[in-house]
Amino acid sequence: MAVSVALALAACASPGGLGPNASLRDTAGIGAQLATGAHGAAVEAGWWRAYGDPQLDALVQEALQGSPDLRVAETRIAQARAQAAQAGAALQPSVSATASATRQRYSAYGMVPAPYAGNYANTPEATLDFSFELDFWGRNRARLQAAMSGVEAAQLERSQAELVLAAAVVRTYGELDHHYALRDLAADTVAQRSRIGELTAARQGAGLETRVELRQSESAVFAARTMLAAEDEQIALLRNQLAALVGAGPERGRQLSRPALAPVATLPPEVPADLVGRRPDLQARLARARAAGATVDVAKAAFYPNVNLSAFVGLQAVGFDHFLRSDSRIVGITPALSLPILDGGRLRAGLAQAYSEQDEAVEQYNGAVLGALQDVADRLVSWQALDRQRAEQQQAQAAAEEAYRLALLRYREGLSNYLTVLSVETQVLEQRRQAVELAARSRDNAIELSRALGGGFSATPAAARS
C-alpha cells in the first residue's frame, strides 16, 4: 500500500512552483515612532469621558446601544460564527439513521429464492451509518482556522463601527458646543452694536454725526441679529443630527442642554507607532489576511490523498416476520482513499487563486497600515500647528481688543468718527471668531487623533511603558 501511495503521489497533480508574493508590514518598523518629545502614550477605552461631560457620555452609550449599523455588524458576527460551526463539524464523526421499507415483486428466476420468487414481499431495512474523514493533511483544520479568523474579523469590524460611531457623536457634540460659542459671540455683537447705535443716535441728535452714520449703526445691529439667527438654526440642526446618531427622534435632540466640555488635553510628547496597530480596522484586516492564509492551506491539502472511513450497522430482511431477529443484522465498514492525478490544472488554478487572494488581503492590510500612520501623523502635525496658531491669535486678539477700546473711547469723546470705530470693530470681531474657530479645530483634531489611534490616549512615563 505504501508503494502504491508513493507511486500515486509521484504521478498526481503538484502544487510546486506556486507561492505568495506579498508579506505583512510591521507598524513599528514602518513608523518607528511618531515622536513629539520624550514620553509615550497609551490607548484608553471610553476615551470620550476625558471631556468630562455626563451628557456626552450618555449620548455615546445610547448610540452604541441603539445604532442599526451596529446591529448589522452583530448579524455578521452571528453569520461568521455559524460558518465556523459548520467548518468545525467536519472534524467530528457523523452519525445518521436511515429506515426504509420497500414492497416489490421479486422475479421468479432471479437471485431471491422461494417462497419470495415470483411473489410480492416487503423488504424492511434500518441502519445506523457512521462516517469520519481522517484529516491527515489538515484541510478541515485549515477550514476551521479560516472560519475562526472570519469570526475575529467580524468582531473587530464591529469594534471599528463602534469607534467610528462614537467619534461621530463626539465630533457632532463638539460642533454643537462650537456653534453655542459662535452664538455667544453673535449675541455679544448684537449688544455691543446696540450700545454703539445708542451712542451714535445721541451724537446725531447733538449734531456730531449725520443720518448716514446712524443708518450704518442700525444696519450693523440687524446684521448681527442675522448672525444670531443663523447660529440658532445651526444649533437646532446639530441637535437633530445628534438625535439621529443615537437612534432617536428629534425630541431627543430638543432635550439636550448646552455642552460643558472640558478643555482639550495636552498632546502626549510621543506617540509610539505600534499604537496604530491596535486600531480595530487594521486588526480586522490582519484577521482577514490570516483567513486567506488558512484558505491557502485548504487549497494545498486538496493535492494530497483524502482518506475517509465509513461504517454501518443495522437490520435487513425480506418480510417483516424475520426483520427483528438477530440473524437479520448487517454490518459493514468501508475505508476509502481518493487522490487527484489528472485534473486539467483545476487544483493548481485553485491554489493560485488562493495565493492571489492572500496577496490581496496582505496588501490591503499594508495599505491600511500606511494610511493609518499618515492619518495619525497628519493629526499630530495639525495639533502642533494649531497650538502655534492659537498662541499667535491670542496676541493678535489682545492687540485688536486694545485698539477697539481706544477707538470706542475716542469716539465717545468726539475725537474720531464712526467709520474708525466700525473698522476697528471688524478687526476685533474677526479675532474673536478666529479664537472660537481655532478652539473648535483643536478639539476636533484631538477627537480625530483618538479615532486614528483606535481610541483615546494618555501620557505615560517611559519607564512605565518599558
query: If you go through region 409-424 one residue at a time, how many are in contact with a helix residue (DSSP H, G or I) (Cβ under 6 Å, 6 or more places away or on another chain) and part of a helix (DSSP H, G or I)?
result: 5
statement: Residues of region 310-354 being assigned to a helix (DSSP H, G or I) and within 20 Å of Thr295 (Cα to Cα), in sequence order, are Arg346, Leu347, Arg348, Ala349, Gly350, Leu351, Ala352, Gln353, Ala354
- line: Note: among Arg158, Arg193, Arg183, Arg203, just one is under 22 Å from Ala244 (Cα atoms) and buried (at least 18 other Cβ atoms within 10 Å of the Cβ), namely Arg158
statement: Taking region 368-392 and keeping only residues that are under 17 Å from Asp281 (Cα atoms) and out of contact with any strand residue (DSSP E or B) (no Cβ under 8 Å at 6 or more places or on another chain), one is left with Ala368, Val369, Leu370, Gly371, Ala372, Gln374, Asp375
task: Could you tell me which numbered condition Ile447 fails, if it satisfies all but one of (1) modelled with pLDDT of 90 or more; (2) of a type in the set (Val, Ile, Thr); (3) touching an Asp or Glu at 6+ places or on another chain (Cβ under 8 Å)?
output: (3)
- prompt: Taking the condition of a type in the set (Asp, Glu), in contact with a helix residue (DSSP H, G or I) (Cβ under 8 Å, 6 or more places away or on another chain), within 21 Å of Leu70 (Cα to Cα) and buried (at least 16 other Cβ atoms within 10 Å of the Cβ), does Asp297 pass?
  reply: no
task: Identify all residues within region 432-455 that are open to solvent by less than 20 Å² (accessible area, probe 1.4 Å) and aliphatic (A, V, I, L, M); write none if there are none.
output: Leu438, Ala440, Ala446, Ile447, Leu449, Ala452, Leu453
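Which residue out of Ala260, Ala289 is out of contact with any Phe, Trp or Tyr (no Cβ under 8 Å at 6 or more places or on another chain) and either at pLDDT 90 or above or in a helix (DSSP H, G or I) (or both)?
Answer to the check: Ala260.
For every residue, the table says whether it meets (1) of a type in the set (Val, Ile, Thr); (2) open to solvent by 50 Å² or more (accessible area, probe 1.4 Å); (3) outside any helix (DSSP H, G or I).
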site: Ala73; (1), (2), (3): no, no, no
site: Ala78; (1), (2), (3): no, yes, no
site: Ser96; (1), (2), (3): no, yes, yes
site: Ser100; (1), (2), (3): no, yes, yes
site: Ala108; (1), (2), (3): no, yes, yes
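The values are calculated or read from the model by the stated rules, or taken from the named source; none is laboratory data. Remember, it's a predicted structure, so these values are computed and weren't measured experimentally. Methodologically, a virtual Cβ is constructed for each residue, glycine included, from the backbone with ideal geometry; neighbour enumeration extends over all protein chains shown. We work out accessible area using only protein heavy atoms, side chains counted, and drop any ligands, DNA or RNA first. Shrake-Rupley method; radii C 1.70, N 1.55, O 1.52, S 1.80 Å.
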